[in-house]
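This report concerns only the one structure given below.
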Amino acid sequence: MSEPKERKTLDQRHQMSDIDRLRHSCAHVLATAILRIWPEAQLAGGPPVENGFYYDIELGHSITPDDFEKIEAEMKKIVKENSSFTKSTVTREEAIDLINKGRIGAVSDRDVASKYKLEMLNDIPEGEDISLFENNGFIDLCAGPHVGRTGNCKAYKVMSVASAFFKGDNTRESLQRIYGTCFKNKTELSDHLEKLEEAKRRDHRKLGRELGLFHIDEMVGQGLILWKPKGALVRRSLQDFITENLDAQGYSQVFTPHIGKLDLYRTSGHFPYYQESQYAAIPERGALEKLNDDGVSCSDLTNGLSDGSIEGYMLKPMNCPHHIKIYDSEHRSYKDLPVRLAEFGTVYRWEQSGELGGMTRVRGFTQDDAHIFCTPDQVAEEVKKCLDLVKKVLKTLGMHDYRVRLSLRDPDSDKYVGEAENWEKAEQALRDAVKVLGVEYTEELGEAAFYGPKIDFVVKDVIGRDWQLGTVQVDYNLPVRFGLSYVGSDNSKHTPVMIHRAPFGSLERFTGLLIEHFEAKFPTWLAPEQVRIIPLSDKFLESCEAASAELANAGVRVTIDRAAEKVGAKIRLARLDRVPYMLVIGGREAETNSVSVRHRDLEDLGARPLSQFVEDITEEIENRELGPKTQ
RNA sequence: GCUCUUGUAGCUCAGGGGUAGAGCGCGUCCUUGGUAAGGACGAGGUCGGCGGUUCAAUUCCGCUCAAGAGCUCCA
């Protein structure tokens, strides 16, 4: 069967990996089962995907998870019948005839012809072979390849049902997509299912609630994160980390407001072109009353805001225009450049409700943003420094499983601003920079920002989803739109180049991923609570308080567990709370001014003089170690 | 935004046309202990919101809000 979106060439398809071939065959088994259960179904496509396969169908009623058992039982029968996958090649006319007769995408003769199959057939270019695969009396339009027999599909499971648009086009029919997972054997399948369970355990939404890191409140609004005290400590530690690096690299910190006039965004190009992905404009005070008095309608208001006859404000969707205005507030000489303006800037974007999720996809978020204004000659060096910073950040956090994407414009699309010539310069600058970075990268068309190309650091989360985090972008366009300039050594005006960069991307998304990455067992420097002191009994509270004071004095985040519980229960609770260090103080420790140290991951580390522990943990925190040094 | 699923105590969930239950957590008291759960008692719910059907709705129906999965989108 053919891919709905992009047809691969036959050669590419023959290179399909063994596991994809198996999953592809599984999709046919699924389709066979569906048609046996619901002969009126119209099939669309069903390719292999990561970890499994799916098949898109149109059916008069909704399939629910209650049907999965029935579907799997039918699949089991089909597998047991051990029919071979038989390939045949037909002419276009023969294929059309078979579809119209309901023979393709059907188990037996019937009147229903799949309009989707017909359209997919039309998408096959003239001259390319039209091949069919048959199994268990079910014929599908399909280029293959397949495993020999249905009996090879041994380890599969129907996972979920969701909707999907035909050909991924949201103006087309909405189909039901049935997902299945499939592996070579039962062991690999159960390993995969176990991995999914593990992902659930690490889900930042679950851990965030359990550990009191953040909260999303219906009354505050969708996609708006409330950072609770413990989450705020994690965030502060991250911000401190970035700030230290910015200070070292010659950045200047700035603060800007959360709103700006619509004119600012008319100039930048955000308004009105991206209106639907922004919170609605805020009309100026008095404007609504005046319009009301004048009997003006809502659509006049909208038009007025768009054409500028009514002034208003917008929640900022990006920080760049504000930073641009700071740059532009002074005369700049080439000697002043680069000007590097940094801000933890909160931006607001109206993401569609169905796209929101936890901290990783939100409507208000804080970028660890900075804009560098420099001369064209300085671009390469500045981009390199930015990339080094992103690399350093990821390395410090032990995030090694990322890929680098050079996001370029799609030359056929009209969503980009600026001259082609500037785009080519910017894209070349980034390409040169990423080449010396020393990491693998892929170039992807159509992934650029509307004002310029980007280098994105994309990391995979625990269940394999890609997330764009750090980003470095070169922009020749916004400086032109805002008429920015500096005086060069030739005493004439020049336009600076802008670099946008954010090593974390957004603190919300980054923190969400970090929670999952560490399973909330943050390295000590990030842990909201770094040490918990556990008195053996109330008698030792005084010693505990002395130890707590000494640690707090050294800048360590420490608490004392005063509950009327036994040590075992307190240890258990501290571990569930993911506190890196537990210090037990009883008679022995109180007498010698020492502490019995237990680490979250390393269990009992024995007793140590308190002063020694303070020294050790301070060093671990200052160096931002991923874990304690093991002796 | 679309399709499906879900919404009962702070959390995880059971229940079900006659106004509700468990475990954990929380509070008080007892216990003062040596590294993953000591014991007793107690408080806590307009069963997401609005409307409809019904003698009666938390339960059935409609709408709405929110969450989850997938799709589409992500300057």
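The values are calculated or read from the model by the stated rules, or taken from the named source; none is laboratory data. Values in this document were obtained by computation on a predicted structure and should not be read as measured data. Note that each Cβ is placed from the backbone with ideal geometry, even for glycine, and that neighbours are counted across all protein chains shown. The area values use the complete protein model at the heavy-atom level, side chains included, leaving out ligands, DNA and RNA. Shrake-Rupley method; radii C 1.70, N 1.55, O 1.52, S 1.80 Å.
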Quick tally, 1.4 Å probe accessible area for A:566, A:385, sorted with the most first, runs A:566, A:385
Projected convex hull area of segment A:109-227, Cα atoms, direction-averaged, in nm², equals 12.9 nm²
Per the helix-only model, chain A has a calculated mean residue ellipticity at 222 nm (DSSP H runs of ≥4, -39500 (n - 2.57) each, divided over all residues, rounded to the nearest 500) of -11000 deg cm²/dmol
Here FRET efficiency (C-beta to C-beta, residue A:539 to residue A:255, R₀ 60 Å, nearest 0.05) is 0.75
Under the 7 Å Cα-to-Cβ spin-label approximation, residue A:184 and residue A:401 lie apart by a distance in nanometres of 1.9 nm
Amide H proximity to residue A:560 below 5 Å, modelled H, separation 5+ or other chain, gives A:533
DSSP beta bridges in segment A:403-486: the antiparallel percent, rounded to 5, is 70 percent
Using the Kirkwood formula on alpha carbons, the hydrodynamic radius of segment A:523-603 in angstrom works out to 12.5 Å
So, with points 7 Å from each Cα along the Cβ direction, the residue A:100-residue A:196 label distance in nm works out to 4.2 nm
Extension length gain for residue A:599 and residue A:421 (0.36 nm per residue less Cα distance), in nm, is 58.3 nm
The summed charge of the residue A:526 Cβ neighbourhood (under 12 Å; Lys/Arg +1, Asp/Glu -1) stands at +3
Rg/Rh over Cα atoms for segment A:315-370, Kirkwood Rh, comes to 1.15
With a 22 Å threshold on alpha-carbon distance, the violating pairs from A:76/A:195; A:115/A:167; A:200/A:392; A:335/A:392; A:195/A:460 are A:76/A:195; A:200/A:392; A:335/A:392
Going residue by residue through segment A:479-486, the Karplus relation 6.51 cos²θ - 1.76 cosθ + 1.60 with θ = phi - 60° gives ³J(HN,Hα) values, rounded to whole Hz and with x marking Gly or Pro, of x, 6, 4, 9, x, 6, 7, 9
If R0 = 41 Å, then residue A:436 and residue A:18, at their Cβ-Cβ distance, give a FRET efficiency to the nearest 0.05 of 0.65
Taking N as the residue count of segment A:558-600, its alpha carbon Rg divided by 2.2 N^0.38 Å gives 1.14
Once the in-chain neighbours fewer than 8 apart are removed, the lysines whose Cα is under 24 Å from residue A:80 read A:70, A:154, A:157, A:184, A:186
Taking a probe of 1.4 Å and leaving out DNA, RNA and ligands, segment A:304-386 shows per residue an accessible area in Å² of 38 Å²
The set of residues whose placed amide H lies less than 5 Å from the amide H of residue A:332, leaving out same-chain residues fewer than 5 positions away, is A:487
Excluding ligands, DNA and RNA, the carbon-plus-sulfur percentage of the accessible area of chain A with a 1.4 Å probe reads 48 percent
Summed over the other residues with a beta carbon less than 15 angstrom from that of residue A:581, with K and R at +1 and D and E at -1, the charge totals -3
Taking A:279-289, A:509-519 and ranking on average Cβ neighbours within 10 Å, highest first, one gets A:509-519, A:279-289
The Cα extents of chain A along the principal axes, largest first and rounded to whole Å, are 86, 73, 59
Amide H proximity to residue A:159 below 5 Å, modelled H, separation 5+ or other chain, gives A:179, A:180, A:181
Here the FRET efficiency for residue A:172 versus residue A:356, based on Cβ atoms and R0 = 25 Å and rounded to 0.05, is 0.55
Treating only Lys and Arg (+1) and Asp and Glu (-1) as charged, each at its beta carbon, one finds that segment A:73-227 has a dipole about its Cα centre, in Debye to the nearest 20, of 720 debye
So, for the Cα atoms of segment A:189-282, Rg and Dmax in Å stand at 19.7, 57
Listed by chain and number, the aspartates and glutamates with an alpha carbon less than 16 angstrom from that of residue A:566, same-chain partners under 8 positions apart left out, are A:538
Zone reached by a paramagnetic label modelled 7 Å from residue A:612 Cα along Cα→Cβ, restricted to segment A:566-583 with backbone N below 20 Å, covers A:581-583
Restricted to chain A, the DSSP antiparallel beta bridge percent, nearest 5, is 85 percent
Rounded to two decimals, the Debye log10 I(q)/I(0) of segment A:387-495 (Cα scatterers, no solvent) at q = 0.16 Å⁻¹ is -0.79
Candidate span helices, chain A: DSSP H, at least 15 Å along axis from Cα coords, Kyte-Doolittle average at least 0.0, result A:18-37, A:379-396, A:507-518, A:541-553
Mean Cβ-within-10 Å packing, highest first, puts peptides A:178-185, A:199-206, A:140-147 in the order A:140-147, A:178-185, A:199-206
Shape descriptors of segment A:344-393 over alpha-carbon atoms, Rg and Dmax in angstrom, are 15.4, 44
The simple spin-label model distance between residue A:298 and residue A:90, using points 7 Å out along Cα→Cβ, in nm, is 5.2 nm
In Å², rounded to a whole number, the accessible area per residue of segment A:36-102 with probe 1.4 Å is 51 Å²
Cα-based Rg and Dmax for segment A:356-447, in Å, come out at 15.3, 42
The lysines whose Cα lies under 25 Å from the Cα of residue A:261, excluding any fewer than 8 residues away in the same chain, are A:290, A:316, A:325, A:415
